[in-house]
Structures are given as C-alpha cells and as structure tokens.
C-alpha cells in the first residue's frame with residue numbers, strides 16, 4: 001500500500017522528548033505516495049530556525065493534509081514521556097481531515113494508529129514525509145515555548161526551548177519550579193525533593 005500509485009502516505013514525528021519543560025508536540029503530514037512536493041526537506045535538527053520557518057508554510061500549503069497533536073506536562077508526568085509522545089501522535093492522526101492509506105512513524109515504536117504502517121528508525125532523515133512532520137512539530141513547539149517564556153519570565157524558555165541547558169538549570173534553582181516544568185524529570189524532581197527536605 002505504501003508504494004501504490006495514488007495512495008496517501010502519512011509521516012509522523014514528535015519534538016520535545018528530551019526537555020524538562022513544556023508539552024511534547026507531534027505532527028502528521030500527508031503526501032501522495034512517491035511524491036515529495038517540498039524541496040529541501042531534512043531532519044528538523046539539521047536545519048536552523050530560519051530554514052524551518054521558511055519550509056513550514058510550504059509544507060502546509062503543498063501537503064495533502066497535516067495536523068498537530070500534543071500531550072501536556074501533566075500527561076507526561078502521569079504517563080511517562082514515551083507514552084505521552086505516542087499519545088500526541090495519535091492525537092495528530094485523529095485531527096487529520098483525510099485518512100491516510102499508510103503511516104510512517106519516526107522511531108522504533110508504532111503508536112497504535114488505526115491504519116497500517118510501520119515505525120522507521122531515523123525516519124526523519126530517510127523519509128521526506130517524516131522530515132516534513134519533524135519540521136512542523138519543531139516550528140509549532142518553538143512557538144509554544146515562546147509563549148511560555150512570556151507566561152513564565154526568567155527561565156529562558158524562548159532560548160533553550162525547555163531543554164536542560166546549564167542556563168535553564170540555574171534559572172530553575174534560582175526561581176523554583178514553574179507550572180511548565182515536568183516534575184517527573186530528574187532535574188525538576190530532584191529540586192522538588194530538596195525543597196521538601198528543607199521545609
């Protein structure tokens with residue numbers, strides 16, 4: 001089905017698994033089988049912010065369809081990051097206005113989508129439709145972290161996007177845990193434990 005002429009193939013990827021703050025965002029993008037309507041697609045991690053910003057509107061215009069799914073901080077803490085990532089992908093699938101014939105998912109776990117497909121390790125580098133999904137997910141999540149930066153100033157969310165950089169860890173120690181932080185992740189959990197011990 002994946003290679004059948006005229007069939008619709010969906011690519012799925014998520015962004016934010018390694019962060020200690022903010023949601024995990026997944027994107028689904030649909031292309032016709034064998035078609036790559038957007039030149040310059042690549043793994044979002046290999047592109048700079050300007051390149052991703054330029055590609056994102058081209059992807060949304062030329063794809064058969066696309067959608068965004070998400071899992072919130074509370075869901076990440078309750079489910080674990082892997083299950084929350086799979087949930088975000090299922091939500092992106094559910095939001096699609098067109099049902100794909102086949103699905104390609106970045107990684108080594110298929111998220112239980114209601115259509116045939118497979119997981120592809122390194123798919124964001126090898127499958128253009130997954131590359132497109134990785135770019136959309138990254139652009140949408142970066143925008144989200146800019147909003148969280150305004151809501152929770154001082155942590156630097158717009159700069160580090162929630163990843164546990166040294167500046168983020170220092171801000172976390174200085175300002176405490178914000179509602180945007182994932183309490184199940186080690187740097188946040190350890191700080192919470194120290195705060196409880198000192199009370």
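Quick note: the coordinates plus some simple rules give every number you see, no bench work behind them. None of these values were measured; they are calculated from a predicted model. We place every Cβ from the backbone using ideal geometry, glycine too, and count neighbours over all the protein chains shown.
Structural remarks
- Here the residues 152, 168, ranked from fewest to most Cβ neighbours within 10 Å of their Cβ, fall in the order 152, 168.
- Counted over region 151-190 with a bin width of 5 Å, the fraction of Cα pairs per bin, in whole percents, is 5, 26, 42, 23, 4.
- Taking only the Cα atoms of region 82-199, the ratio Rg/Rh comes out at 1.07, with Rh defined as the Kirkwood radius.
- Likely footprinting exposure, 196, 115, fewest C-beta neighbours within 10 Å first: 196, 115
- Added length on full extension, which subtracts the Cα-Cα distance from 0.36 nm per residue, residue 62 to residue 170: 34.6 nm
- In the chain, the calculated helix contribution to ellipticity at 222 nm averages -14000 deg cm²/dmol per residue, counting -39,500 (n - 2.57) for every DSSP H run with n ≥ 4.
- Ratio Rg/Rh [Cα only; Rh per Kirkwood] for the chain: 1.02
- Euclidean distance of C-alpha centroids, region 1-74 and region 107-147, integer Å: 6 Å
- The protection proxy used here, the mean number of other Cβ atoms lying within 10 Å of each residue, ranks peptides 44-56, 23-35, 71-83 as follows, highest first: 23-35, 71-83, 44-56.
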